[in-house]
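Report on the following structure.
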Amino acid sequence: MPPPLAPPRQPHVSRAAADGAWSAYQTTNAAAATAHAAAAEAIDAAANAKANARAAEAEAKKAQAAAIKARQEATAAKAEAVQTAEWAAKTAGFAFAAGQAAAGARDAARAVNVTANEAIAVGSPYRETERLGRVRGLGGADREAAGRAAGRRRGGQGEGGGEGRSRSQGARRQGRR
């Protein structure tokens, strides 16, 4: 700013008018300096606002890209959840079928056990070697019927005391009793 000028000296102007004009000049000069400082501050604030707006725009673009990616991942997660639910249902079906198979195996084992117990209850196992070398396993009532049939084949003795039997068969028979 230029240095304030001394009021001009004009002979026909009154001193009071000159002092008033000078006072107005200094007030205007002070107001201009204040306005100039305010304008400089406004320019600085506008520059800062512009930089902040650019940074905000960049952050908004980043947020938009992140939102798009999050939506894609959410869609993929939903598809995975549906697939997982399908697998869980399939696995539950397999587990149910395995349980049914295990129950069937248990029931079959019980049936075999019952049959085996009945066979044991009928009589103890008996093995007889025939003349042809075949081995026959008999138990209980079947043994008696086979014994009668063998006696008839050997000489028609029926249930007689063992006349038709060989020595080894009779000895075996006596050792069992």
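Quick notes on this structure:
- A convex hull fitted to the Cα coordinates of region 11-51 yields 44 cubic angstrom per residue.
- Qualifying lysines (Cα of each under 28 Å from Cα of K61; at least 8 residues distant if same chain): K50, K69, K78
Every read-out reported here was derived from the displayed coordinates using simple, explicitly stated rules and does not represent laboratory data. Because the structure is a prediction, the values reported are computed rather than measured.
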